[in-house]
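The values are calculated or read from the model by the stated rules, or taken from the named source; none is laboratory data. A quick note: this is a predicted structure, and the numbers were derived from the prediction, not measured. No Cβ is skipped: glycine too gets one built from the backbone with ideal geometry, and neighbour counts run over all protein chains shown. The protein model used for the area step is the full one, side chains on, heavy atoms only, and it has no ligands, DNA or RNA in it. Shrake-Rupley method; radii C 1.70, N 1.55, O 1.52, S 1.80 Å.
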Amino acid sequence: RGCKLLTATVAHTSLKGYAIIAQEDTVFTTFEVDGVDALADFGLTGATVKAGAYIVVPSGDAITAITMSAGSVIIYNQ
């Protein structure tokens with residue numbers, strides 16, 4: 001388990017997280033759940049997620065890739 005801070009505009013892949021918390025206002029360009037693009041499913045397309053926002057995926061699923069154009073998040077590992 002544990003957690004990790006994800007920053008910058010690089011692609012973060014091979015993740016296995018069940019939740020993220022935005023540490024500052026954040027804009028996602030990639031948000032994959034179980035290897036599938038889930039930006040639209042979570043209402044993240046073109047949206048600015050405010051600092052403190054908590055995003056969790058359904059039980060048994062995993063956040064597998066994240067890229068941000070702005071901001072940072074903490075991901076909580078399964």
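Worth pointing out:
- Within the listed set 57, 27, 49, the Gaussian network model of the chain (springs between alpha-carbon atoms below 10 Å) gives the highest mean-square fluctuation for 57.
- Among (1) 13.6, 43; (2) 10.8, 30; (3) 13.1, 44, the entry derived from the coordinates for Rg and Dmax of the Cα atoms in Å: (2)
- Rough spin-label spacing in nm, given labels placed 7 Å along Cα→Cβ, for residue 54 and residue 37: 3.0
- Percent carbon-and-sulfur accessible area, the chain, ignoring ligands, DNA and RNA, probe 1.4 Å: 52
- Peptides 68-75, 5-12, ordered by how many other C-beta atoms sit within 10 Å of their residues on average, highest first, read 68-75, 5-12.
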